[in-house]
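Working notes for the structure below.
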Amino acid sequence: MAWWARLRDLPLKPYDFLVLLVAAGVIVAFSLLALERSGPPVTVEIRSDRGDRVYALAEDRTITVSGPLGDTILEIRDGAVRFVDSPCRDRICVAAGELSATGQWAACLPNRVFATVTGAPIPGAEGVDASTF
């Protein structure tokens, strides 16, 4: 017996189908809203003990960030950022490779350097800070 034939045997009322339809619509609406808000990656935020810096991914450059162990070198090239060199022991940050998608991040924890790729600013979100979320 097919699954749709078994549906007739369930004690479903017309409002049950309406609830399912509304729930599906809400899921689709939130999915589209989430996709709309994640714009193309345009910047990289680099955080360290010495402060936060923001750089455009469209502009190739080499960045040196000082940390407690020494200098960590990051490179922005072809719309991606990567750790080139770091004075830490295991160099896991260098092995992380290139970051090019919004939300990707890598960190050199011993040297306290954190890099994350961010998307385009959300229109109308001026003045919204992290504590709002």
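The values are calculated or read from the model by the stated rules, or taken from the named source; none is laboratory data. In this text the structure is predicted, and so the values were computed from the model without any measurement. As a convention, Cβ positions derive from the backbone with ideal geometry for all residues, glycine included, and neighbour counts pool all protein chains shown.
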* Structure fact -> Residue hits (segment 42-74; over 16 Å from Phe114 (Cβ atoms) and in a strand (DSSP E or B)) are Val42, Ala56, Arg61, Thr62
* Asked: When segment 81-105 is examined, which residues are found to be among the hydrophobic types (A, V, I, L, M, F, W, C), within 17 Å of Glu45 (Cα to Cα) and assigned to a loop (DSSP other than H, G, I, E, B)?
  -> Ala96, Ala101
* Of the numbered conditions (1) modelled with pLDDT under 90; (2) more than 18 Å from the chain's Cα centre (by Cα), Gly67 fails exactly one; give the number of that condition. => (1)
* Asked: Pick from segment 40-65 the residues that are loosely packed, with under 14 Cβ neighbours inside 10 Å and small (Gly, Ala, Ser): which of them is farthest from Leu99 (Cα to Cα)?
  -> Gly51
* Residue check, Phe133 against (1) at pLDDT 95 or above; (2) outside the structural domain of Glu45 (by TED's automatic domain parsing); (3) of a type outside the set (Asp, Glu), all met but one. Which one? -> (1)
* Members of segment 106-116 found to be of a type outside the set (A, V, I, L, M, F, W, C) and within 12 Å of Val44 (Cβ to Cβ), listed by number -> Thr116
* Asked: When you scan segment 80-101, how many residues do you find that are under 23 Å from the mean Cα position of the chain (by Cα), surrounded by fewer than 17 Cβ atoms within 10 Å (Cβ to Cβ) and touching a residue at least 24 places away in the same chain (Cβ under 8 Å)?
  -> 2
